[in-house]
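Take a look at the structure below.
The values are calculated or read from the model by the stated rules, or taken from the named source; none is laboratory data. Treat the numbers as computed from the prediction; the structure is a model and nothing was measured. All Cβ positions, even for glycine, are placed from backbone atoms using ideal geometry, and neighbour counts span all protein chains on display. Remember, those area values only see protein heavy atoms, side chains included, never the ligands or the DNA or RNA. Shrake-Rupley method; radii C 1.70, N 1.55, O 1.52, S 1.80 Å.
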Amino acid sequence: MGLWRVPLLIGAAGWLLGLILASGLPWPGTLQRMAELLGDQWHRVSASDETESRVVIVDIDEASLKALGSWPWERKVLASLINRLFDTHQVAAAGLDLVLPEARDRQGDNAIQQLLQNHPLVLSQAFGLGQSQPADAGEVTSSWPASVVFASGVSIIEASGHVGHHAGLQPRCTGHISWMPEDDGVVRRLPPLLRYRDQWHASLSLAVLACMGLVPEKASITPRWPAGQMLSTGVLDLASDAQGLWSIPYARSNRAWLSVPAYLAYESAEPIPALRGAIVLIGSSALGVSDRVATPMAASQAGVVVHAQATAALLDQISQIDPHEQSSWLGIRAWTLIQLLSLVCIALLIISCRYRRYLSLALLGLIGSSILIGVALKLTDTQQLQLVAGPPIGIMLAALTSLGWGLRSERHTAGRLRRLFADYVPSNVLDQLLAEGSSQRLAPSREQLVVMFVDAVGSTRLARQQSPEAFAQNLRSQLDAWTSLVHQHGGTLDKYLGDGLMAFWGAPLASPRDADRALMAALAIQQSPGLSKRIGLACGEALVGDLGTSMRRSYTALGEVVNRAERLQREAQADGILLDEQLASRLTTHRVVACGARLLPGYDGEVQTYRPA
C-alpha cells in the first residue's frame with residue numbers, strides 16, 4: 001500500500017479540487033477569466049456559417065443614414081419603414097432594438113401606435129442592471145409573462161432605473177434590451193426575465209416570440225442543481241446561473257446573418273424575398289448611433305446581433321421534437337457524467353504514476369482534460385461550463401503534480417542507487433540501474449547468486465616483515481586489482497574482509513552467463529601478480545538487497561550459499577580455486593574437474609567439489 005499512497009493522495013486531491021470547482025462556488029478571478037475565454041473560443045470554433053433565414057436584421061447602417069437622413073429619424077420615417085416591412089415584405093414579426101422615450105412628430109407617433117396595435121411589433125425598454133442606473137425616462141409596460149411561479153431560493157434580477165417609451169405609445173408587446181457585460185466588456189449574458197417595480201419584463205428575443213403566440217403566457221423559475229436556475233415556459237427551458245443570467249448561445253457566425261439595409265427595405269416597392277415570413281430585428285450598425293458592443297464573435301459589432309443570436313437560439317429549442325431534451329443535460333446529468341469521466345481519468349493517472357509511465361501520465365493529463373472540456377462544451381451551455389470545467393482542471397493539476405512527484409522520486413532513487421552501488425558494481429551496470437531508475441532493485445529479494453570469496457595467503461607473515469604503512473599500501477593495491485577484475489566480469493563487490501573480499505553475480509542485474517563470468521573473474525584473480533590467494537565459488541539461492549540498518553546502508557547477500565563459498569575458499573590450496581556442484585552444473589563455456597567430496601566445517605554431509613580444468 002505504501003507504493004500507492006502518494007499517487008492515491010494526488011489523485012484524490014485532484015478529484016476533490018475538480019469537485020469543489022464544480023460545486024457552484026465563485027471561482028478565483030484568473031480561473032473565471034480562463035473559463036470565459038475558453039467559452040469565447042468555443043463559440044468562434046463551433047459557430048455555424050449556414051445562413052439563418054428565420055431571423056433577419058434590418059440594419060440602420062451608414063448608407064441608410066445617408067439616404068434617409070441623420071439619426072434620429074423623424075417618427076414618420078420609422079413608421080413608414082415598419083409599415084413597409086409588414087405590408088410589402090410580409091415579415092412575421094418585428095422587434096425594435098431602439099428605445100423611443102420622447103414624443104416626436106404627432107403624425108409619426110400616431111402611425112407607430114397604429115402599427116403596435118395591429119401587428120406583432122415589439123417595442124424595447126432599457127433597464128439598469130448591477131452598477132448601471134440610468135435616469136428614469138419614459139414609461140415602462142409589461143406584456144409577458146402574465147404570471148410567474150418561482151420556487152423559494154431562486155434569485156430574481158431586480159432592475160434599477162429605466163428608459164422606456166413616451167406616454168403617447170401604448171404597445172401590446174414590449175421587451176427589454178438590457179444585458180450584463182463582463183469585466184472585460186464582452187456581452188456574454190443577459191436576463192431572460194427581470195423584475196422592475198413589481199412587473200416582469202422579458203428580453204426582446206423572448207418578447208418577440210411571445211408576441212407571435214409561440215410561448216405560453218405562464219412561466220416558472222425553479223432551482224437547477226448544482227448551481228443556477230431554470231426558466232420554463234412549457235416550450236422553452238432556459239438555464240441561467242445563480243443570478244438568473246442566461247449565457248447567450250452564440251451558435252451562428254457573423255457570416256450567417258442576413259442583413260438588409262434599412263433604406264433598401266424602406267424604398268423597395270417589391271417584396272424582398274429574404275424578409276418574407278422572417279422575424280425582423282431593427283437595429284443599427286452605424287457608428288453615429290453608438291450601438292456597438294463587444295461579443296465573443298467580434299470585438300465590436302451591432303448590438304442587435306446579440307438579440308438575433310438569442311432569438312435564433314430560442315427558435316432552435318422550440319423547433320425540437322422535445323424542447324426539454326437539451327435542458328435535461330444542463331443540470332445533474334451533465335454534471336454527473338463529467339464527474340464519472342473524471343474519475344476514470346484520475347484512476348488512469350494514478351496507475352500511470354504508480355508504474356512510472358511518465359509519458360502516459362503527461363498524455364493522459366492533456367488528452368483527458370481536453371476530452372472532458374470538449375464533452376462539457378458539447379453537452380452544456382457556456383454558463384454550465386464553469387460547473388463542469390472544474391474536473392478537467394483538477395485532472396490537469398493532478399497530472400502535473402504526479403509528474404513532478406514522479407520525477408522527484410526518480411531523482412531520489414537515482415541518487416540512492418548511485419550512493420549505494422557506486423563502489424560495488426561496474427560503471428556500465430550502474431548506468432543501467434540509473435536508466436531503469438527502479439527502487440525495486442534495493443528491496444531485499446530471493447535471487448539465484450554465484451558467490452565468490454577471495455583470501456590472500458601469507459599476509460600475516462608479510463605484515464610482520466613490513467611497516468604498517470607499507471603493508472597497508474600493498475594490501476590496498478592488491479584489493480584494487482581484484483575488485484577491478486570483479487567489475488570487469490560483471491560482478492558486484494559485497495565487502496572487503498581484511499585481506500580478502502566477497503563478491504557475487506546475479507544481482508542487482510542477472511545474466512544467463514553469471515556462472516561463467518564468475519569463474520572467469522576467479523581465473524583472472526588467480527593469475528594476477530602479487531600475493532597468493534585462495535578462491536571459493538558457490539551457487540545457490542540467497543536473500544540480496546539493502547540489508548543495512550538505519551545508521552548504515554549496505555547492499556549485501558545472506559544465505560547458506562554465502563557460507564558454502566566461504567568454506568570452499570578455506571579448503572582451497574594456495575593459488576587454487578574450488579567450486580561446488582551447483583556452480584559446476586551451470587557452466588557452459590568452461591570445463592571443470594571433480595576434486596571429490598569434502599566435509600566442510602559446519603556441514604553434516606560431504607560436499608562435492610570441483611576445480612577448473
- Could you check Gly234 against (1) in a loop (DSSP other than H, G, I, E, B); (2) buried (at least 19 other Cβ atoms within 10 Å of the Cβ); (3) touching a Lys or Arg at 6+ places or on another chain (Cβ under 9 Å) and say which number it fails? (2)
- Is there any pair with a first residue in region 526-548 that is over 24 Å from Ala613 (Cβ atoms) and a second that is among the hydrophobic types (A, V, I, L, M, F, W, C) and open to solvent by 60 Å² or more (accessible area, probe 1.4 Å) whose Cβ atoms are under 8 Å apart and which are 6 or more apart or on different chains, and what are they? Ala542/Leu558; Leu543/Leu558; Val544/Leu558; Leu547/Leu558
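Just the residues that are in a strand (DSSP E or B) and surrounded by fewer than 22 Cβ atoms within 10 Å (Cβ to Cβ), please, taken from region 261-280. Steps first, answer last, please.
Taking region 261-280 as the starting set, the residues that turn out to be in a strand (DSSP E or B) are 261, 279-280.
Correct list: Pro261 only.
Can you name every one of the strands (runs of 3 or more DSSP E) wholly within region 49-130 that holds 1 or more residues which are under 15 Å from Val260 (Cβ atoms) and open to solvent by 70 Å² or more (accessible area, probe 1.4 Å)? If you could, list the steps in order and put the result at the bottom.
Numbers: elements: 52-59, 93-96, 121-127.
The qualifying strands (runs of 3 or more DSSP E) are 52-59.
I'd like the residue in region 216-231 that is assigned to a loop (DSSP other than H, G, I, E, B) and not hydrophobic (A, V, I, L, M, F, W, C) and, out of all such residues, is nearest to Gln317 (Cα to Cα). Full working, then the answer.
Step one: list which residues in region 216-231 are assigned to a loop (DSSP other than H, G, I, E, B), which gives 216-217, 224-228.
Adding the requirement that they be not hydrophobic (A, V, I, L, M, F, W, C) leaves 216-217, 224, 226, 228.
Working: Pro216: 14, Glu217: 17, Arg224: 18, Pro226: 23, Gly228: 19 Å.
Checked region 216-231; the qualifying residue nearest to Gln317 (Cα to Cα) is Pro216.
Kindly indicate which of Ser319, Ser290, Ser327 is of a type in the set (Ser, Thr, Tyr) and modelled with pLDDT of 75 or more. I'd like the intermediate steps shown before the answer.
Numbers: Ser290 fails: modelled with pLDDT of 75 or more; Ser327 fails: modelled with pLDDT of 75 or more.
Step by step, each of Ser319, Ser290, Ser327 is checked, and only Ser319 is of a type in the set (Ser, Thr, Tyr) and modelled with pLDDT of 75 or more.
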- Query: Do we find that Gln526 is in a strand (DSSP E or B), open to solvent by 30 Å² or more (accessible area, probe 1.4 Å) and modelled with pLDDT of 90 or more in this structure?
  - Reply: no
- Residues located in region 173-188, provided they are surrounded by fewer than 20 Cβ atoms within 10 Å (Cβ to Cβ) and either touching a Gly at 6+ places or on another chain (Cβ under 9 Å) or outside any loop (DSSP other than H, G, I, E, B) (or both): Met180, Pro181, Asp183, Val186
- Query: Within the group Val592, Val561, which residue is within 60 Å of the chain's Cα centre (by Cα), crowded, with 18+ Cβ neighbours inside 10 Å and at pLDDT 90 or above?
  - Reply: Val561
- Query: Looking at (1) among the small types (Gly, Ala, Ser); (2) within 18 Å of Tyr496 (Cβ to Cβ); (3) at pLDDT below 90, can you tell me which one Ala521 breaks?
  - Reply: (3)
- Note on the structure: Taking region 60-90 and the residues there that are under 20 Å from Ala286 (Cα atoms) and acidic (Asp, Glu), the one that is nearest to the chain's Cα centre (by Cα) would be Asp61
